[in-house]
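Just so it is clear, none of the values below were taken in a lab; they were calculated from the coordinates. Worth saying up front: this structure is predicted, and the values here are computed from it rather than measured. All Cβ positions, glycine included, derive from the backbone under ideal geometry; neighbour counts span all protein chains shown.
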Amino acid sequence: MIFTPRKRRQPGINIVPLLDILTILLIFFVVTTTFKRPQPAVKIDLPAASLTENVPAERAAIITLTADLRLFLDAMPTTIEDLPAALRAKYGERPQKVALRADRTVPLGELIRLTQALKGLGIDTLPTFTGPENPAEKTD
């Protein structure tokens with residue numbers, strides 16, 4: 001009987017499943033990290049309100065007015081005079097939704113100047129962010 005030696009296959013590591021898993025993880029991390037909206041890193045003491053509604057934050061321009069009267073459009077600092085141009089540049093001719101985050105110590109005159117600047121763009125209603133009426137009710 002004649003025996004012929006078989007050729008031995010070199011052992012190999014199949015990396016296709018590893019690449020599939022890495023691709024899925026990459027997609028997961030990209031998708032989960034892009035949903036966070038940038039907010040200015042300023043402390044805002046929101047006014048209290050008993051009757052509040054949730055302002056939908058998706059695709060809304062958030063205007064922040066601090067206690068020292070600094071103005072932010074989303075995370076970018078701006079002025080009341082430059083706000084209409086900045087809104088047009090970022091969101092087109094008229095933004096779909098605009099919301100206001102103002103500190104409770106902001107003078108009424110500054111809020112009126114801000115609303116007058118927004119009325120020039122055709123924005124008549126301006127939802128505002130408020131805090132709980134009793135600070136102990138905070139659920140965040």
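Just a few scattered comments:
- For the pair I112 and D20 in one chain, pulling the backbone fully straight at 0.36 nm per residue adds 27.6 nm over the alpha carbon distance.
- Considering only beta bridges that DSSP places wholly inside the range 60-134, some 45 percent are antiparallel.
- With only Cα atoms counted, the range 60-134 has Rg and Dmax values of 11.8, 39 Å.
- The label-point distance for T125 and T32, in a model that sets each label 7 Å from Cα toward Cβ, rounds to 3.6 nm.
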